[in-house]
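Some notes on the structure that comes next.
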Amino acid sequence: MVGLGEGALAVEVGLLLAGFGYAAYEDLRTREVTDALWQVLGVAGLLVGAVALFPGGAIPLLLWLAVGGLAAEHMFAWDQRLGPRLEPYADLLELGGYGAVAALVFGVAVRFGVGDGGVPIAVIAVFASVLIARGLFEAGVLYGGADAKALMIAGLLVPLFPSPWLLASPALVPLTSVLPFSVDLLMNAALLSLAVPVGVAVRNAARGEFELWRGFTGFSIPVAELPRRFVWVRDPSFGDARREEGEVETSEDDRLRRVEIARELADRGIRRVWVTPQIPFLVVMAVGAVAALLAGNLVVDLIRLV
């Protein structure tokens, strides 16, 4: 974590591992993680970073509080407390916050430069993590809000991790010194998630249900199991329900929806239904975080081996 010191690094890596471990457990068990976890981690990361940068003077501290505060505000539902008159303008207020922080960081960088006495590298890494997470969420690449929050928190807790514990080769260190840790984590998670379609295909092949393309994305289960399985229904006999899926807000809402679908299919005499798994991506992200700490960016590691 360039710029924040080894003491802060140890504390925040510990927070990262503990927080992501708990998030992975809850995501695997319920596919839902309480916002309180991200709020605690966000405030803790903001404070630890502030203590670490305090000796560097007012400018680094101010920049850290601005960028860290921007990351942490995503963990709180502050817009719901604005009242009926101001709540419609919440997005504009947040956009203004993004613009103000960007202007502050850019202005200090132009006036004082980057590094000692100017903009800390860690501040740039955190701001990049926030922009990447928000951009991927708005683009629909990160489907759940918890995934985007987790990526921001990872960037706030560990802005940079230039020397992986196991694979700190000279060829890798320069790249991991400029890539935010959250990018390494996300690329690792994307690579590791490729195991899901492979596993689905193997399952289908073993049961004689493999079909080209579709065999990599879904499988069939008994309709009676639908209420207790974390899946999306993709059977043509039920129809396209993707629009309704976007309106599901909690795991209990999703379970009740699956109960309703199972009842409807059973009434029509349908005994098996084609589904796709609801991937617990926070589990994949947690594994990606550990891989980033141990080996850096797995994609880069593989490219180096080719």
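The values are calculated or read from the model by the stated rules, or taken from the named source; none is laboratory data. Since we're looking at a predicted model, the values are computed, not measured. Note that each Cβ is placed from the backbone with ideal geometry, even for glycine, and that neighbours are counted across all protein chains shown.
Within region 62-165, considering only helices (runs of 4 or more DSSP H) that don't extend past its boundaries, which have at least 1 residues that are among the polar types (S, T, N, Q) and touching a Cys at 6+ places or on another chain (Cβ under 7 Å)?
Passing ranges: none, list empty.
Does Ala286 satisfy the criteria of being in a helix (DSSP H, G or I), without any contact (Cβ under 8 Å) to a residue 40 or more places away in the chain and in contact with a helix residue (DSSP H, G or I) (Cβ under 9 Å, 6 or more places away or on another chain)?
Against the criterion (in a helix (DSSP H, G or I), without any contact (Cβ under 8 Å) to a residue 40 or more places away in the chain and in contact with a helix residue (DSSP H, G or I) (Cβ under 9 Å, 6 or more places away or on another chain)), Ala286 does not qualify.
Considering Val275, Val259, which residue is out of contact with any strand residue (DSSP E or B) (no Cβ under 8 Å at 6 or more places or on another chain), outside any loop (DSSP other than H, G, I, E, B), of a type outside the set (D, E, K, R) and modelled with pLDDT of 90 or more?
Within the list Val275, Val259, the selection yields Val259.
Sort out which residues of region 94-120 are at pLDDT 90 or above and surrounded by fewer than 13 Cβ atoms within 10 Å (Cβ to Cβ), and write them in order of number.
Leu95, Gly96, Gly99, Ala100, Ala103, Phe106, Gly107, Val110, Arg111, Gly113
Checking the condition closer than 19 Å to Asp116 by Cα and surrounded by 11 or more Cβ atoms within 10 Å (Cβ to Cβ), which residue from Ala71, Ala66 passes?
One residue alone meets the criteria, Ala66.
When you go through Ser220, Ser129, Ser193 one by one, which is the residue that is closer than 16 Å to Leu63 by Cα and of a type in the set (Ser, Thr, Tyr)?
Unique residue meeting the criteria: Ser129.
If Trp78 satisfies all but one of (1) farther than 24 Å from Ala102 by Cβ; (2) exposed (fewer than 15 other Cβ atoms within 10 Å of the Cβ), what's the number of the condition it fails?
Trp78 satisfies all of (1) farther than 24 Å from Ala102 by Cβ; (2) exposed (fewer than 15 other Cβ atoms within 10 Å of the Cβ) except (1).
Name every residue in region 262-282 that is of a type in the set (Val, Ile, Thr) and surrounded by fewer than 19 Cβ atoms within 10 Å (Cβ to Cβ), in order of residue number.
Matches in region 262-282: Ile270, Thr276, Ile279.
Quick one: in region 10-25, which of the residues that are under 20 Å from the mean Cα position of the chain (by Cα) and either among the charged types (D, E, K, R) or over 15 Å from Leu37 (Cα atoms) (or both) is surrounded by the most Cβ atoms within 10 Å (Cβ to Cβ)?
Checking each candidate, the answer is Glu12.
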